[in-house]
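Report on the structure given below.
The values are calculated or read from the model by the stated rules, or taken from the named source; none is laboratory data. Worth saying up front: this structure is predicted, and the values here are computed from it rather than measured. No Cβ is skipped: glycine too gets one built from the backbone with ideal geometry, and neighbour counts run over all protein chains shown.
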Amino acid sequence: MDIYEFAAWADETASQLLARSCCDPISTGVFFVGALRAGHVLEVNGPSGAAKSEILVQVAASCILPKDAGGVALGREENVVLLDLDAKFDELRLFQVLSMRLSEALQQSVEEVSEPARASLQRFHLVQCDSSFQLLATLRVLKPLLTKLQAGAGLQLLLIDNMSAYYWQDRAVFQAAAERMPQALTFSTVHTAVVAELRKLLLLRRLPGASGCGEARFAFRWLGAEGQPLAFAVTDGRVMRA
């Protein structure tokens, strides 16, 4: 997106601004994280083994579970996109969490709720990246997928796990080439570029004619595990202890 494209957009009406700002917060299901509101950027930081990825599993489950299960309000029944940067996301663990919550709500065995648990997984979209360059490329081409999901069941969250996945890889590659590449990619510049792309995606949802929470829900809630502090983008943070 360039400055000319941005300048061509019409201003929001008061009705559009109100609709975008008054969306219900998402209950994460994690007591020390609390609810996430539209535009909320949450960083979860801490050492290995501090259950950061488990938080993402719990939050994702809260969003993709059906709204009603046996008369019990359970989830949001909307889509979640997770960028798995270190290829360690445990899909089986997510299925277990879904099954346990459904089993408790419906008062049925885990085996009996396997079908609604699988149906919930249809709203979970996993994208894997292998390098910082691939992450940036993915963010640049992610808009069509996100727009499609938003037009369907709706999109609640963009999760990233974890933001420091390529730190040592980038350091090894670019430190060796520092003399030949004065503007070598660094951990800091990667984060800056990633946040810039996320901000573009946020802006792209504020289009003329957008009204109601259906469009506004696209405002990202972002949880990045094991990331360095992104003070210029993060609206909230949690530091975990092992």
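From the residues in region 123-160 that are farther than 25 Å from THR192 by Cα and surrounded by 14 or more Cβ atoms within 10 Å (Cβ to Cβ), which one is farthest from the chain's Cα centre (by Cα)?
Across region 123-160, the extreme among qualifying residues is ALA153.
Can you spot a residue in region 83-104 that is touching a Leu at 6+ places or on another chain (Cβ under 9 Å), assigned to a strand (DSSP E or B) and touching a residue at least 12 places away in the same chain (Cβ under 8 Å)?
yes
Over 24 Å from LEU139 (Cα atoms), at pLDDT below 95 and either out of contact with any helix residue (DSSP H, G or I) (no Cβ under 8 Å at 6 or more places or on another chain) or surrounded by fewer than 16 Cβ atoms within 10 Å (Cβ to Cβ) (or both): is that true of GLN96 in this structure?
Judged against the criteria, GLN96 is not a match.
Return the only residue of ALA119, ALA151 being over 25 Å from ILE55 (Cα atoms), among the small types (Gly, Ala, Ser) and either modelled with pLDDT of 75 or more or touching a strand residue (DSSP E or B) at 6+ places or on another chain (Cβ under 8 Å) (or both).
On the way: ALA119 fails: over 25 Å from ILE55 (Cα atoms).
Exactly one residue qualifies, and that residue is ALA151.
Just checking, how many residues over region 161-174 are more than 18 Å from ALA60 (Cβ to Cβ), surrounded by 15 or more Cβ atoms within 10 Å (Cβ to Cβ) and among the charged types (D, E, K, R)?
1
Any residue that is surrounded by fewer than 17 Cβ atoms within 10 Å (Cβ to Cβ) and either in a strand (DSSP E or B) or touching a helix residue (DSSP H, G or I) at 6+ places or on another chain (Cβ under 6 Å) (or both) - is there at least one of those in region 112-119?
So far as region 112-119 goes, no, none of its residues is surrounded by fewer than 17 Cβ atoms within 10 Å (Cβ to Cβ) and either in a strand (DSSP E or B) or touching a helix residue (DSSP H, G or I) at 6+ places or on another chain (Cβ under 6 Å) (or both).
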